[in-house]
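S.K.: Pasting in a structure now, in structure tokens, and then I'll have a few things to ask.
The values are calculated or read from the model by the stated rules, or taken from the named source; none is laboratory data. If you're wondering where the values come from, they're calculated on a predicted model, not measured in any experiment. Cβ sites come from the backbone with ideal geometry, for glycine too, and all protein chains shown count toward neighbours. Areas reflect the complete protein model, heavy atoms only, side chains present, ligands, DNA and RNA absent. Shrake-Rupley method; radii C 1.70, N 1.55, O 1.52, S 1.80 Å.
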Amino acid sequence: MTAQELGASLQQTFGDKILQVNSPQPGRLYVTIDPDSVVEVAAHLQDDLGCRFVVNAGTDRRRQRGKFLITHFFAKDEDGIYIALHAEVDEDDPRIPSITPVVPAANWGEREFHDMVGVVPEGHPDPRRLVLADDWPEDLYPLRWDVEHGIKPPIADCTPERKPPPEGSSVVPIGPYFPALEEPAYFRIFVEGEEVVGADYRGFYNHRGIEKVGCSVLTYNQIPFIAERICGICGCVHSTCYCQAIEQAAGIEIPLRAKYLRTIMLELERIQSHLLWLGIAGHIIGFDTVLMQVWRMREPLMWLCERLTGNRKTYATNVIGGVRRDIEPDAYDDVRSVIKEIEREWQALYDSIPGDTTLMARLRGTGMLPKDMAIEHCAVGPTGRGSGVEIDVRVDHPYAAYDRLDVKKCVHDGCDNLARTLVRLDETLVSIGIIRQALDDIPEGPVLAEVSEDIPAGRQAISTVEAPRGEVFHWVLTGEDNRPERWRVRAPTYANLQVVPPMLAGSALADVPINIGSFDPCFSCTDRMEVLDINSGQLRTCSAEDLSNCRR
Amino acid sequence: MLEELCKKAFFKSLWLYHTNTGACNGCDIEVIDVLTPYYDAERFGIKLVGSPRHADVLICCGPVTRQVVPALKRLYEAVPDPKLVVAVGSCACGGGIWYDSYNIVGGVDTVLPVDYYIQGCPPRPEAILHGVAVALGLLDKQVAPEALRQLPDSSESVPIED
Amino acid sequence: MILSKLKQALICLLAGRVTLPYPAKPHPPDEGFRGYPEVDVDKCIGCGACAAVCPARLIKIEDLDQTTRRITRLLERCIFCGRCAEVCPEDAITMTRQFELASDQARQDLTHQCEIFMATCRRCGACYQPATPLDRIMQPGFRSDEIDRGGDLCQYENVCLESQQAENTTATVGEGE
């Protein structure tokens, strides 16, 4: 089914409720619907057509149209289509029916647009604040165009609204400081004895207002560098994704060599990230040899990236129209020898893992995420693939040079921490193969396309990239003044973290760190915990030692 | 005098507590990298500890976001005296690329007194080791205001709208 | 179990000791590393291209008077992307391999300030950089009110590009009417 056919079938099913259907690029469908029918259409997309919910976005278009634009994004992975459901909401009455009751994965996105543009999702089951600080003024919505990007309301003391624990359970708060989680996050784990009965999450401690800065002060060619700093581990993914979105919106065709170079950097980054994750996972389960040895293997790769791009992590290679720095043919052998060494050591590691009872005891059968739960909450990346959900952006929605390379989806159906580990172990080897093939096939030629300065306003584009953690999604609406009007980013953890609270229920408290860690490199939930005794209301801090005592 | 005492006390073993004040993770990973085999900071007696109560040094990565301000102040109070605060990365040093965003308070020095700054985005593990060596007084710092970099009056802050 | 432990021990043993002697011995990055951006003030023409592209917006340009332009770089915020070096028309900025930037006073040590001598536009009075090196020597940048060389000046002498363009536009509009 193509995007046009899907649009036509939607029009047939819903008639006048569909106001406009548009498919400017292949595999992209932009549908404008009546705001009152949003629940109906979303339910049809998810339940009848088998679409996966991606994210939602709120845009302030009062200047252009006198309305707020609320968008729900869906993906139809088997046909390679992304669908945007736009609904325009009146500025005097900013309300839209919530789709969370029928699409549970929309939970955070709806709370986010409530925080950021002030459109109320009516009927949302959990309408607490999500993104902004607890002391942020009620009626100040940072993504509205008339709010300054640098506005700094005075800081006040305020306690967050908390979900009450179930009757008879105790609360174990974890966080907000973990040394290396994507976001310093704050989990409240509800326990009965050793067993977890529920969890609550308050995150966004490092919300930095990137979307607002990008849409109000930076220009198109400055944003790749801020995008790269969304995540310090998979930054190249974000800058590639953003550049692709702008190139798609402006109709810029980048040179083939640039596509290959992007592919090579993305795969090097994936290897780096998976090695990093394995080390961290080893640390979480108390097997520090894994951390030390795996990070030792990783270090030559960091040096390689530094030679190729000029920095170990923030490569800063992507700009709109291609890449800034070419890889000289002399460096190919350098890349080959580094990945060969990693492959050799990785193979040795792979051989020694399945027989190791220590690792198996901690990984097998823990952190169960059943396939239907993964699908319901739209888990992406290795988290989804470890539960048998066969999605991989590189295959489903090819970008860069992936349509010319052999990419294999690494899927395991164990649904536990071990399966997620194995997915990452397999993927590293696949990545090494992709880099080899890309180095053999890479054509000669320029690496940067000429870009005319003007990108017309009002165009939109969706771009996705498979990050080491899953699907990265960028939606761009181009605007005036050489900058986008709206730039929406969804990192894979945004989708995956929403699965954590339901997934933790039923596991043992000692497994919580690895369960959370198996999604993402968060290590050392064990580092510092606060135990709140609900009877006395007293707060005490306990260290890693106390926690490991509890485990025994 | 306090500085002298610090140097004496810290020389043999620096215990670090590492905080992410809103960073992108780049600097955090490099801080961990310093402890892995190639750089092995433990040979200088440097160790990451799990509780601020055990720490001598508070390592802060990232711009200070609005949400972490109260938690960061509490952390600082939890570290026993004498203590050092080290800001790692350009975000922690001055707010980085998002210094003027609505949810960023600024660099770490807007909230805590910072003793050493390690600039870099992210700093190489070598740069972090160098910074620690500078803090210990083992090495001299490599950057200094040159004649041309001289500000009109060093007591005055830089005359620039921020 | 024992076999896999042996395999793991082998991985560790084969690796041997890898620790680098840094900081006792230097471990410089390879060619092409983007470290401290060094500015050759003599080459800088004060065009401000670097300030326009800098994603961290740390380069501030102020005109102190009609002949002096001050460029301040707050490198404590620098993200080392190297865009300024890339766009500089005079190659005045180089990304050096200096990465040891630790300091106890970042604001002082990492602020780079320079003052560039500019010419003054006769029409609008703003600072501008004369087009060729010869012009630069010939026009030491007097204030516009001090210059009075009569009507034999070539049309655009001592006039900045913006004023020239503005003038051309006005002329065209005038003809159209």
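S.K.: For A:PRO153, which of the numbered conditions (1) over 26 Å from the mean Cα position of the chain (by Cα); (2) more than 14 Å from chain B (Cβ to nearest Cβ) fails to hold?
M.R.: Condition not satisfied by A:PRO153: (2).
S.K.: Out of all the residues in region C:108-121, which are buried (at least 19 other Cβ atoms within 10 Å of the Cβ) and at the interface with another protein chain (Cβ under 7 Å from one of its Cβ atoms)?
M.R.: Matches in region C:108-121: C:ASP109, C:LEU110, C:THR111, C:HIS112, C:GLN113.
S.K.: Within region B:28-45, count every residue that is in contact with a Leu (Cβ under 7 Å, 6 or more places away or on another chain), open to solvent by 10 Å² or more (accessible area, probe 1.4 Å) and away from chain A (no Cβ under 11 Å).
M.R.: Residues meeting the conditions: 1.
S.K.: Considering each of B:LEU112, B:LEU48, B:LEU75 in turn, give the residue that is more than 23 Å from C:ARG34 (Cβ to Cβ), in contact (Cβ under 8 Å) with a residue 12 or more places away in the chain and touching a Lys or Arg at 6+ places or on another chain (Cβ under 8 Å).
M.R.: Of the residues listed, the single one that is more than 23 Å from C:ARG34 (Cβ to Cβ), in contact (Cβ under 8 Å) with a residue 12 or more places away in the chain and touching a Lys or Arg at 6+ places or on another chain (Cβ under 8 Å) is B:LEU112.
S.K.: Across region C:38-66, which residue is surrounded by the most Cβ atoms within 10 Å (Cβ to Cβ) among those that are farther than 23 Å from B:GLY120 by Cβ and under 10 Å from the mean Cα position of the chain (by Cα)?
M.R.: C:GLY46
S.K.: Can you find a residue in region A:252-270 that is surrounded by fewer than 21 Cβ atoms within 10 Å (Cβ to Cβ) and over 19 Å from A:VAL465 (Cβ atoms)?
M.R.: Checked region A:252-270: no residue is surrounded by fewer than 21 Cβ atoms within 10 Å (Cβ to Cβ) and over 19 Å from A:VAL465 (Cβ atoms).
S.K.: Have a look at A:ARG62, A:ARG95 and point out the one that is more than 25 Å from A:VAL472 (Cβ to Cβ) and without any contact (Cβ under 8 Å) to a residue 60 or more places away in the chain.
M.R.: So the residue among A:ARG62, A:ARG95 that is more than 25 Å from A:VAL472 (Cβ to Cβ) and without any contact (Cβ under 8 Å) to a residue 60 or more places away in the chain is A:ARG95.
S.K.: Follow-up. The conditions are (1) touching a Ser or Thr at 6+ places or on another chain (Cβ under 9 Å); (2) within 12 Å of chain A (Cβ to nearest Cβ), and C:ASP40 fails exactly one of them. Which is it?
M.R.: (2)
S.K.: Got at least one residue in region A:389-400 being in contact with a Leu (Cβ under 8 Å, 6 or more places away or on another chain) and either open to solvent by 30 Å² or more (accessible area, probe 1.4 Å) or part of a helix (DSSP H, G or I) (or both)?
M.R.: no
S.K.: What pairs come up if the first residue lies in region A:124-138 and is more than 11 Å from chain B (Cβ to nearest Cβ) and under 20 Å from A:ARG95 (Cα atoms), the second is of a type in the set (Phe, Trp, Tyr) and open to solvent by 10 Å² or more (accessible area, probe 1.4 Å), and their beta carbons are under 7 Å apart, counting only those six or more places apart or on different chains?
M.R.: That search, which allows pairs on different chains as well, returns A:LEU130/A:TRP108; A:LEU130/A:PHE204.
S.K.: In addition: Tally time: how many residues in region A:310-367 are surrounded by fewer than 19 Cβ atoms within 10 Å (Cβ to Cβ) and in contact with a strand residue (DSSP E or B) (Cβ under 8 Å, 6 or more places away or on another chain)?
M.R.: 0
S.K.: If you don't mind, another one. Among the candidates A:PRO26, A:PRO104, A:PRO97, which residue alone is within 27 Å of the chain's Cα centre (by Cα) and more than 26 Å from A:LEU497 (Cβ to Cβ)?
M.R.: A:PRO26
S.K.: Of the residues A:ILE342, A:ILE327, which is among the aliphatic types (A, V, I, L, M) and part of a helix (DSSP H, G or I)?
M.R.: A:ILE342
S.K.: Keeping to region A:474-504, report how many residues are open to solvent by 20 Å² or more (accessible area, probe 1.4 Å) and of a type in the set (Phe, Trp, Tyr).
M.R.: The number of residues fulfilling the criteria is 1.
S.K.: On to the next question. Confirm whether C:ILE45 is closer than 29 Å to A:ARG312 by Cβ and touching a residue at least 24 places away in the same chain (Cβ under 8 Å).
M.R.: no
S.K.: So is A:PRO142 surrounded by fewer than 21 Cβ atoms within 10 Å (Cβ to Cβ), touching an Asp or Glu at 6+ places or on another chain (Cβ under 9 Å) and at pLDDT below 90 or not?
M.R.: Details: surrounded by fewer than 21 Cβ atoms within 10 Å (Cβ to Cβ): no; touching an Asp or Glu at 6+ places or on another chain (Cβ under 9 Å): yes; at pLDDT below 90: yes.
So A:PRO142 does not fit the description; no.
Per-residue answers, yes or no, for (1) surrounded by 19 or more Cβ atoms within 10 Å (Cβ to Cβ); (2) modelled with pLDDT under 85:
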site: B:CYS93; (1), (2): yes, no
site: B:TYR102; (1), (2): yes, no
site: B:GLY106; (1), (2): no, no
site: B:PRO113; (1), (2): no, no
site: B:GLN150; (1), (2): no, yes
site: B:ILE160; (1), (2): no, yes
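S.K.: Out of the residues in region A:108-123 meeting the condition of being open to solvent by 50 Å² or more (accessible area, probe 1.4 Å) and part of a strand (DSSP E or B), tell me which one is farthest from the other protein chains (Cβ to nearest Cβ).
M.R.: A:GLU122
S.K.: Can you pull out the residues in region A:79-107 that are hydroxyl-bearing (Ser, Thr, Tyr) and more than 19 Å from A:THR32 (Cα to Cα)?
M.R.: Keep residues of region A:79-107 that are hydroxyl-bearing (Ser, Thr, Tyr), which gives A:82, A:98, A:100.
A:THR100, the sole residue that qualifies.
S.K.: While we're on this one: Kindly check whether there is at least one residue in region C:15-30 that is open to solvent by less than 70 Å² (accessible area, probe 1.4 Å) and in contact with a Ser or Thr (Cβ under 8 Å, 6 or more places away or on another chain).
M.R.: no
S.K.: Let me ask something additional. Would you confirm whether or not region A:415-433 contains a residue that is in contact (Cβ under 8 Å) with a residue 60 or more places away in the chain and in a loop (DSSP other than H, G, I, E, B)?
M.R.: No, every residue in region A:415-433 fails to be in contact (Cβ under 8 Å) with a residue 60 or more places away in the chain and in a loop (DSSP other than H, G, I, E, B).
S.K.: What tally of residues in region B:69-107 results from selecting those that are within 13 Å of chain A (Cβ to nearest Cβ) and not in a loop (DSSP other than H, G, I, E, B)?
M.R.: Total satisfying the criteria: 20.
S.K.: Hey, another quick one. Residues that are assigned by TED's automatic domain parsing to the domain that holds A:ALA331, open to solvent by less than 20 Å² (accessible area, probe 1.4 Å) and in a helix (DSSP H, G or I): does region A:459-472 have at least one?
M.R.: no
S.K.: If only one of C:GLU100, C:GLU90 is over 21 Å from B:CYS27 (Cα atoms) and either open to solvent by 20 Å² or more (accessible area, probe 1.4 Å) or away from chain B (no Cβ under 11 Å) (or both), which one is it?
M.R.: Going through C:GLU100, C:GLU90 in turn, just one is over 21 Å from B:CYS27 (Cα atoms) and either open to solvent by 20 Å² or more (accessible area, probe 1.4 Å) or away from chain B (no Cβ under 11 Å) (or both): C:GLU90.
The rows are residues; the columns are (1) under 21 Å from A:ALA491 (Cβ atoms); (2) more than 14 Å from chain B (Cβ to nearest Cβ); (3) modelled with pLDDT under 90.
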| residue | (1), (2), (3) |
| --- | --- |
| A:CYS215 | yes, no, yes |
| A:GLY282 | no, no, yes |
| A:TRP295 | no, no, no |
| A:LEU308 | no, yes, no |
| A:LYS313 | yes, no, yes |
| A:GLY322 | no, yes, no |
| A:PRO329 | no, yes, yes |
